[in-house]
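The values are calculated or read from the model by the stated rules, or taken from the named source; none is laboratory data. Computed from a prediction, not measured in an experiment: that's the story for all the values here. All Cβ positions, even for glycine, are placed from backbone atoms using ideal geometry, and neighbour counts span all protein chains on display.
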Amino acid sequence: MTIMALDRITLSTFRNHAETRLDGCAKFNLLVGENGAGKTNILEALSLFAPGRGLRRAPLAEMAGKDGAGGFAVSAALDPGDGSEAVMLGTGTAPDRPGRRIVQVNGAEGTAIGLGEWLAIGWLTPAMDRLFSDSAGARRRYMDRLAVAVDPGHARVASRYEAALRERNRLLSDEREPDPAWLDSIEVQMAELGAALAQGRALLVEQLAGALAGHPAEPFARPELAYQPGGPITQEGLAAELAEQRRRDRAAGRTLSGPHRDELDVVMSGKQVPAAQCSTGEQKAMLIAITLAHAELAAQGRPSLLLLDEVAAHLDPIRRAALFERLGQGAAQVWLTGTEQAPFTEIGAQAATWRVEGGKVERI
């Protein structure tokens with residue numbers, strides 16, 4: 001079982017961390033400190049080793065430390081888990097181009113999407129507590145993030161589909177009648193990419209549902225998941241839908257069918273109540289259940305990280321013990337934050353622990 005994932009982690013002028021280094025990482029890694037000390041900033045830095053915008057979805061320019069030159073750098077040594085040498089991963093921005101992300105793998109230029117080939121990363125943050133009552137777009141992004149951790153190629157498909165969708169919407173909203181041949185070309189791309197995107201989401205939800213079915217209903221509420229497509233999920237079906245609905249879509253000024261209108265339905269097993277109508281505690285428990293099930297899927301075949309921000313403090317002792325037991329049985333390297341060490345007593349002896357204060361870390 002792969003346990004180690006990242007070590008020798010450095011953050012340079014990243015948010016409030018001028019120069020931070022974490023060595024001797026373990027299966028469990030604890031970041032302890034007051035609110036605002038910079039704990040979540042470390043998790044955000046680690047989340048940048050996955051394709052996408054990180055756990056806060058913040059613009060790159062916001063991540064650069066205010067006392068720096070305008071850029072930032074994050075690097076780490078990745079243990080592939082197969083006995084081979086560590087791989088050096090790095091990402092960041094340059095001061096002269098703060099909005100352009102730089103990626104390096106063993107010193108050679110890489111891509112953010114390519115990082116998914118090396119490492120699978122999942123996370124759970126307090127901001128995700130409103131996922132079930134948030135917009136459908138938030139749940140689509142959630143599905144895509146989970147899908148990327150299982151299949152790195154999903155990120156490229158999602159990015160290319162969004163670009164094609166923007167181009168079709170631009171043509172539809174133009175005052176001039178769009179060139180049918182140009183629309184044909186765009187719709188061919190959308191049909192191919194949209195079918196792949198929808199099928200990737202459908203497969204993810206199917207795999208998650210299967211993993212959740214094997215989990216006990218307690219102490220974490222077990223959710224039932226269903227993928228609701230926003231249009232045909234085959235290439236031929238989507239191509240036909242786009243062609244047939246050009247007049248409707250032009251009147252609306254946007255594309256009304258396709259995976260950009262997908263939805264993830266979640267209900268609480270047993271009660272059969274939609275997640276959005278469940279209590280805050282039940283929603284949190286279902287999110288943890290999904291996160292743990294996804295971690296099992298993501299850890300198959302690649303080193304994996306699980307980033308849990310302020311999770312343990314909001315659980316009662318029974319659920320906290322169950323969480324640590326499940327995490328200990330999994331293959332992911334786990335990073336947890338908290339304002340004090342007390343909630344982590346059960347795993348304290350086997351964890352690497354750092355106190356974070358004012359953007360500085362000290363090993364405990």
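A few points about this structure:
- Filter result for the condition that a residue is within 28 Å of GLN350 (Cα to Cα) and in contact (Cβ under 8 Å) with a residue 12 or more places away in the chain, over ALA50, ALA69, ALA18, ALA61: ALA50
- Selection status of THR13, assigned to a strand (DSSP E or B), among the β-branched types (Val, Ile, Thr) and under 11 Å from VAL361 (Cα atoms): no
- Strands (runs of 3 or more DSSP E) wholly inside region 263-364 containing at least 1 residues that are farther than 16 Å from PRO126 by Cβ, basic (Lys, Arg) and at pLDDT 90 or above: 351-357, 360-363
- Considering ASN41, ASN35, ASN29, the condition of being touching a Phe, Trp or Tyr at 6+ places or on another chain (Cβ under 9 Å), among the polar types (S, T, N, Q) and not in a strand (DSSP E or B) is satisfied by ASN41 alone.
- Of the residues making up region 150-200, those that are of a type in the set (D, E, K, R), in contact with a helix residue (DSSP H, G or I) (Cβ under 6 Å, 6 or more places away or on another chain) and under 27 Å from ALA50 (Cβ atoms) are ARG156, ARG160, GLU167, GLU192.
- Taking region 85-100 as the range and being surrounded by 14 or more Cβ atoms within 10 Å (Cβ to Cβ) and either within 15 Å of SER47 (Cβ to Cβ) or among the basic types (Lys, Arg) (or both) as the test, the residues that pass are LEU89, GLY90, THR91, GLY92.
- Consider region 238-251 and keep the residues that are in a helix (DSSP H, G or I) and free of Cβ contacts under 8 Å to residues at least 24 places away in the same chain. The one that is farthest from GLN189 (Cα to Cα) is ALA251.
- Filter result (of a type in the set (Ser, Thr, Tyr) and more than 9 Å from the chain's Cα centre (by Cα)) within region 133-147: SER133, SER135
- Each residue in region 217-245 was checked for being small (Gly, Ala, Ser) and crowded, with 18+ Cβ neighbours inside 10 Å, and 4 pass.
- Taking the criterion of being farther than 24 Å from ASP23 by Cβ and not in a strand (DSSP E or B), the residues of region 86-107 that qualify are PRO95, ASP96.
- For beta carbons closer than 7 Å, sequence separation of 6+ or different chains, a first residue in region 72-85 that is assigned to a loop (DSSP other than H, G, I, E, B) and a second that is at pLDDT 95 or above and surrounded by 19 or more Cβ atoms within 10 Å (Cβ to Cβ), there are no qualifying pairs.
- In region 51-84, residue nearest to the chain's Cα centre (by Cα) [restricted to those that are among the aliphatic types (A, V, I, L, M) and surrounded by fewer than 19 Cβ atoms within 10 Å (Cβ to Cβ)]: ALA58
- Listed by first and then second residue, the pairs linking a residue in region 253-277 that is farther than 19 Å from LEU131 by Cβ to a residue that is of a type in the set (Gly, Ala, Ser) and assigned to a loop (DSSP other than H, G, I, E, B), with Cβ atoms under 8 Å apart and 6 or more places separating them unless they lie on different chains, are SER257/GLY230; SER257/GLY231; GLY258/GLY230; GLY258/GLY231; GLY270/ALA217.
- Selected residue (only one of LEU307, LEU327, LEU297 is surrounded by 14 or more Cβ atoms within 10 Å (Cβ to Cβ), under 18 Å from LEU225 (Cα atoms), of a type outside the set (D, E, K, R) and in contact (Cβ under 8 Å) with a residue 40 or more places away in the chain): LEU297
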